[in-house]
Amino acid sequence: MAVIATMLFNGLAYGVLLFSMAVGLALTMGMMRFVNLAQVSLAMTGGYLVVVAMPHFGLPYLATLPLCFVLVALLTMLLERWVFRHFYGADDLTQVLLTIGLLFMSVAGAAYLFGPSFRPMQVPDWLSGQVPLLGLMLDRSRLFLVGAGATLALALFLGLERTRFGAMVRACVDNPRAAGACGLNTSMVFALTFAVGGGLAGLGGGLAVTQLVIDPNFPLRYLVYVLIVVSLGGTGTVIGTLLASVLIGIVDVAGKYYMPQAGSSLLYLITVVIMLWRPNGLLQRKGMP
Amino acid sequence: MTPHEHSYFQPSTRWNRWEIAFWLAWAAAYFIPGTNLPLLTHILVWGLFAMSLDLILGYRGIASLGHAAFFGIGAYAAGFLAKFGWTEPLSGLLLAGITAGLTGLLTGRIVRGLHGVALLMVTLGLNMMLYDAAQRATDITGGDDGLQGVALAPVLGLFRFDMYGHTAYWYVLTVAFVLLVLARALVRSPFGLALRGARENPLRMLTLGAPIERDAILAFGLSAAGAGIAGALLTQTTQFVAPEVLAFQRSADVLTMLVIGGLGRLYGGFIGALVFVLLHDTVAALDPIYWYFWIGLLLVFIVTFFRQGILNTLDKLLASRRGEAV
């Protein structure tokens, strides 16, 4: 029982990471039908920001996380204005090739800037070790992740549901043309959504440093996971993405524990089956966050 | 058929001088002293693989992110046949193609109703599953060490596969040519026209009574068979198979080649393979560590400026020089 509960918890923590990396992609795919595979590169950028900024500028871990969000959001905004914007009308295949090209460039660029090997991170004391909770021994770092993920999901949900900007975003997901005709500056909404989504990916990368290996191959390793999450969750929905992330996180952790010989095959099998059952994702309801 | 309709089909069924020059160039390349025959053979295999993807992507508009699965199935089928005593290459090639083709028909049935992201994800998922399985079944596939002991009888009982790749070159070139002739006939047949119709406007084809779903499944199977034959050629000419033939990287590369060369042209795959493999070789030699960066930049450059691919861009240039309306 304790094993199962711990495993569910670890899967949840992993799912939170996937959620923060994937949610921006789900939103931009829902809004401007833009398939940005380079989303994982943005997450890697966040991860490198943490492992570089902590020793070089002596910043505490918690202080680097907002930095990840802001800097990566700015970078994403520049990319959107200079590159992505020109490909909104293009077909899926063009966008996939464009962004996979950017992803390759980021992989080589990271190897050039930070070296090809894994950059370890100095885990602060308050994040290392385990803590007893409800009769289980849980990792502090994972507990922190789950807490951060819950905060993030709640903030995103409320932000989309309750704020003016959230209403604009929902309008653009529903029907960009009609939203534009109502006087909405859709181009600005697109750019800001892209920036927020990219910033969240950067934050996800920053959160990931305690769990995942940050090296130049990070985007290639996690691209498939992020794509699976987005296609299972359905585009344009925050709750769907959250659901799919947690599902994939738990399946991956449980699969590696109970059936190590099957490897990731279980994950791909579930993906294929769900996609055939619901081609538009588990929760495809346009207009709902 | 009225004369007008005839003139619509005629220019496309006749072999034009570019096509003849294309194949003569491959034959002539053999006689140039110092030619890197294994590299050219490699390019032809990639070209054939890309051409088979063109059948479903270029002519039917179905994108597959998992075409390496069929390439790998063909490669392994040829490898196992040769390893367990069936050393005759031509029948081995055919059997490998049939195996991959049947798997393709099955996959086509599974993915027939899907579009866009779901289609990409399912094909990708199936590809990854197969790759994972091949890598883990080390006692069958040899894992990362590959399948050893693939030995082949001489082609037609006459031409032995030599270590310099003379036989391999002519063998692959002939197979590539024969398959191109077949594919060329296929895309110009009523079946091929129906495929193109369904690519442009599926609803309209459906109301015309065309069985578009059955056609798409069949096209998927034929495309998979072509990919399987390309994979079998790789096994037979290198006498080695490793799980890398199934890797996702291969699916992505073949897609890139096809887009570089141009979709819906059959030759686009070959031209794209030539450009991609040569560039890859050059860049990897110049910059062995960071060559990935240049490949990425090339991709961005291509989708930005040459979205139509080399062949379609050239076509437009030629047409505008002749003063024709495009």
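The values are calculated or read from the model by the stated rules, or taken from the named source; none is laboratory data. Owing to the predicted nature of the structure, the values given are computational and were not obtained by experimental measurement. Reconstructed Cβ throughout: ideal geometry from the backbone, glycine too, with neighbour counts over all protein chains shown.
Can you tell me which of A:147, A:101, A:89, A:109 is surrounded by 13 or more Cβ atoms within 10 Å (Cβ to Cβ) and either charged (D, E, K, R) or closer than 26 Å to residue A:234 by Cα (or both)? Outline the logic, then answer.
Working: A:147 fails: surrounded by 13 or more Cβ atoms within 10 Å (Cβ to Cβ); A:89 fails: surrounded by 13 or more Cβ atoms within 10 Å (Cβ to Cβ); A:109 fails: either charged (D, E, K, R) or closer than 26 Å to residue A:234 by Cα (or both).
Going through A:147, A:101, A:89, A:109 in turn, just one is surrounded by 13 or more Cβ atoms within 10 Å (Cβ to Cβ) and either charged (D, E, K, R) or closer than 26 Å to residue A:234 by Cα (or both): A:101.
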(request) Show the residue pairs that are 6+ apart or on different chains and have beta-carbon atoms under 6 Å apart, the first residue being within the stretch A:118-145 and within 22 Å of residue A:53 (Cβ to Cβ), the second being small (Gly, Ala, Ser) and assigned to a loop (DSSP other than H, G, I, E, B). (result) A:140/A:129
(message) When you scan the stretch B:127-144, do you find a residue that is within 14 Å of chain A (Cβ to nearest Cβ) and assigned to a loop (DSSP other than H, G, I, E, B), even just one?
(response) yes
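Looking at this structure, is residue A:250 crowded, with 24+ Cβ neighbours inside 10 Å and touching a residue at least 12 places away in the same chain (Cβ under 8 Å)?
No; evaluated as a whole, the condition is false for this residue.
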(request) Look through the stretch A:259-283, keep the residues that are touching a residue at least 24 places away in the same chain (Cβ under 8 Å) and more than 9 Å from chain B (Cβ to nearest Cβ), and return whichever of them is nearest to residue B:114 (Cα to Cα). (result) A:274
(message) Residue pairs, Cβ under 8 Å, 6 or more apart or interchain, first in the stretch A:171-184 and touching a residue at least 12 places away in the same chain (Cβ under 8 Å), second in a loop (DSSP other than H, G, I, E, B). List them.
(response) A:171/A:182; A:171/A:184; A:172/A:184; A:173/A:236; A:173/A:286; A:173/A:287; A:174/A:286; A:174/A:287
(request) Give the stretch B:106-123 a look and list any residue that's within 19 Å of the chain's Cα centre (by Cα) and facing chain A (nearest Cβ under 7 Å), or say none. (result) none
(message) Kindly evaluate residue B:243 against the criterion of being buried (at least 23 other Cβ atoms within 10 Å of the Cβ), more than 27 Å from residue B:25 (Cα to Cα), away from chain A (no Cβ under 11 Å) and not hydrophobic (A, V, I, L, M, F, W, C).
(response) yes
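Of all residues in the stretch A:91-102 being in a helix (DSSP H, G or I) and more than 7 Å from chain B (Cβ to nearest Cβ), which is nearest to residue B:291 (Cα to Cα)? Show your work before the answer.
First, the residues of the stretch A:91-102 that are in a helix (DSSP H, G or I): A:92-102.
Imposing the further condition that a residue be more than 7 Å from chain B (Cβ to nearest Cβ) reduces the set to A:95-96, A:99.
Details: A:95: 22, A:96: 20, A:99: 17 Å.
Among those residues, the one meeting the criterion is A:99.
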(request) Could you please tell me which pairs satisfy a Cβ distance under 7 Å, a separation of 6+ or placement on different chains, a first residue in the stretch B:26-54 that is modelled with pLDDT under 90, and a second residue that is crowded, with 24+ Cβ neighbours inside 10 Å and of a type in the set (A, V, I, L, M, F, W, C)? (result) none
(message) Within the stretch A:241-258, take every residue that is away from chain B (no Cβ under 14 Å) and β-branched (Val, Ile, Thr) and give me the one that is nearest to residue A:196 (Cα to Cα).
(response) A:246
(message) Just checking, does the stretch B:193-213 include any residue being at pLDDT 90 or above, buried (at least 22 other Cβ atoms within 10 Å of the Cβ) and closer than 15 Å to residue B:61 by Cβ?
(response) no
(request) Please tell me if residue B:300 is under 19 Å from residue B:259 (Cβ atoms), touching a Gly at 6+ places or on another chain (Cβ under 9 Å) and in a helix (DSSP H, G or I). (result) yes
(request) From A:118, A:144, grab the single residue that is under 22 Å from the mean Cα position of the chain (by Cα), in a loop (DSSP other than H, G, I, E, B) and of a type outside the set (D, E, K, R). (result) A:118
(message) Quick check on the stretch A:214-240: of everything there that is buried (at least 21 other Cβ atoms within 10 Å of the Cβ) and over 29 Å from residue A:108 (Cα atoms), which residue is farthest from the other protein chains (Cβ to nearest Cβ)?
(response) A:238
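Table: residues versus (1) assigned to a helix (DSSP H, G or I); (2) over 13 Å from the mean Cα position of the chain (by Cα); (3) β-branched (Val, Ile, Thr).
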| residue | (1), (2), (3) |
| --- | --- |
| A:212 | no, yes, no |
| A:219 | yes, no, no |
| A:228 | yes, no, yes |
| A:246 | yes, no, yes |
| A:261 | yes, yes, no |
| A:267 | yes, yes, no |
| A:272 | yes, yes, yes |
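I need the full set of residues from the stretch A:105-130 which are within 11 Å of chain B (Cβ to nearest Cβ) and either touching a strand residue (DSSP E or B) at 6+ places or on another chain (Cβ under 8 Å) or of a type in the set (A, V, I, L, M) (or both), in order please.
A:105, A:107, A:108, A:110, A:111, A:113
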(message) For the condition away from chain A (no Cβ under 14 Å), surrounded by 22 or more Cβ atoms within 10 Å (Cβ to Cβ) and more than 16 Å from the chain's Cα centre (by Cα), what is the one hit in B:92, B:101?
(response) B:92
